[in-house]
Structures are given as structure tokens and as C-alpha cells.
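*Asks:* Take this structure, written in C-alpha cells, and hold onto it; I'll ask about it next.
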């Protein structure tokens, strides 16, 4: 069962968080968005207050679970892992009006022809540390997300403050999310995404490098790229005004 918090008035805007977190991570921009949009803050399966999917933790199952829980013809904003889930749902034919991908890339780990991700050896080391001590590793992962931003200290403080605000993620969800990040390569589906899509990216993102965003925007039939200067992986935390301006320009 997906936990959904709905707040605000206006067109429907679904917010999907990243690995190991929950919908509350968007709390700093909620007051900026609720006067204009009806927000649907999702806790992804096994995260926050949502249960694990009964049919197994795969990208397609998670995408279907989210699509069944949110209003049709909404705009979906997916950050990091949430952006990958939004892409998968759109590729499945879910009823989505528009997409906004924040700090997301179609392929998280490096492979032949794709140098824009995390090296495989580094990823496997990270996955092993999650198995050994997931809570400590999750704290370290927050620091990686803030790295590169000109406001990294404030960004990391916000991430840590909100980490367990909706409860702890379930280990099976952390493991399932890592499998999705390691294995899912969505480059081949980009050409099938018909929705207008904004690829919103921090120029200093070290987790999802900017060339990945440039590739994504150029391979989407209706994609457009907006880069926020001096921002890292979470521009909605570090540069909320620029983030909101890009959102407004796209949704108008």
C-alpha cells in the first residue's frame, strides 16, 4: 500500500523521492508549490510509511504501484531514483501528463558506451556496505548527494534532518532499490516517452553527471534541459528559487 500525502490546490503534481528517503524530503519547497498545485507526496514502496510491493521489488512493479495510487493525468516529478520510476511508468503507458526529471539518469552505473555513471566496482562496494550497516551507509550516501553543491553544508543538514522523519526504510526496499539502480538501463525507452519532459539538473551533480542529463534530454522526443548553476544532486534543497522558476516556466 502506497502512503500518499495530498496538499494544496491546483493541477496535480506527483513528487517522487530518491533511494532510502521518503516524500517528506520535499518539505522545503512544499510551501512554494501548494498555492499553485495539488501536491501528492509519495513514500515509495518500503520507504517511509509505505509497505513493500507484494509482487516483488522490481522497477516495473514499483512504477505500477505508484501509478495505481496517484491521480491520472498528473505531472510526475521524480528525483534521482524517483525519476527512473517516473520514466518506467511513462514507458508502461501510465496516465501521465508531463514529466520532470531531477538529478535522474537513465543508467546509474557505468557500462560499455556509458561513462556517465558510478563505476561498477564502486557501486558493488557501496552495496556491500549497505548489507553490512545500512544506516551508516545511508548517512554517507547523503553526503555524496550534497557533494559539489555550493551550499553542500546546508543541503546535507536538510537531508539528515529529514532522513527518518517518516520512519526507517525497510532493508528489502533498500536492496531492491540498489538492484534497480545497478541493473536498469532505460536508454532504450527514452524514444518512446511521448510526454513533454523537463530534465532539471544541477551543474555540479557528481552522482548523476551533467552529460547524462544532456543525453537524456536529447533522446527524449519532447525533452528539454534546464541546468541550475552551482547546484548539486538536490537543487530543490540548495537552490529552491531557481528550481521553482524552472518548474513554473515548464508547467506554464
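*Asks:* Could you list all residues from segment 64-77 that are in a helix (DSSP H, G or I) and crowded, with 22+ Cβ neighbours inside 10 Å?
*Replies:* If the condition is that a residue be in a helix (DSSP H, G or I) and crowded, with 22+ Cβ neighbours inside 10 Å, then 65, 66, 67 are the ones that fit.
*Asks:* With the checklist (1) buried (at least 20 other Cβ atoms within 10 Å of the Cβ); (2) in contact with a helix residue (DSSP H, G or I) (Cβ under 7 Å, 6 or more places away or on another chain) in hand, flag the one item residue 225 doesn't pass.
*Replies:* (1)
*Asks:* Looking at segment 78-105, which of its residues are farther than 16 Å from residue 195 by Cα and assigned to a loop (DSSP other than H, G, I, E, B)?
*Replies:* 80, 103, 104, 105
*Asks:* Name the single residue that is farthest from residue 241 (Cα to Cα) among those in segment 31-60 being touching a helix residue (DSSP H, G or I) at 6+ places or on another chain (Cβ under 9 Å) and part of a helix (DSSP H, G or I).
*Replies:* 60
*Asks:* Could you tell me whether residue 119 is without any contact (Cβ under 8 Å) to a residue 24 or more places away in the chain and touching a helix residue (DSSP H, G or I) at 6+ places or on another chain (Cβ under 6 Å)?
*Replies:* No.
*Asks:* Among (1) buried (at least 20 other Cβ atoms within 10 Å of the Cβ); (2) modelled with pLDDT of 90 or more, where does residue 189 come up short?
*Replies:* (1)
*Asks:* Moving on to the next point. Within segment 190-197, is there a residue that is without any contact (Cβ under 8 Å) to a residue 40 or more places away in the chain and more than 26 Å from residue 251 (Cβ to Cβ)?
*Replies:* The answer is no, given that none of the residues of segment 190-197 is without any contact (Cβ under 8 Å) to a residue 40 or more places away in the chain and more than 26 Å from residue 251 (Cβ to Cβ).
*Asks:* With segment 156-248 as the region, which helices (runs of 4 or more DSSP H) entirely inside it contain at least 3 residues that are in contact with a strand residue (DSSP E or B) (Cβ under 7 Å, 6 or more places away or on another chain)?
*Replies:* 210-219
*Asks:* Quick one: in segment 40-49, which of the residues that are modelled with pLDDT under 95 and touching a strand residue (DSSP E or B) at 6+ places or on another chain (Cβ under 7 Å) is nearest to residue 69 (Cα to Cα)?
*Replies:* 49
The values are calculated or read from the model by the stated rules, or taken from the named source; none is laboratory data. Because the structure is predicted, anything quoted here is derived from the model rather than measured. Counting neighbours? That spans all protein chains shown, and the Cβs are built from the backbone with ideal geometry, glycine included.
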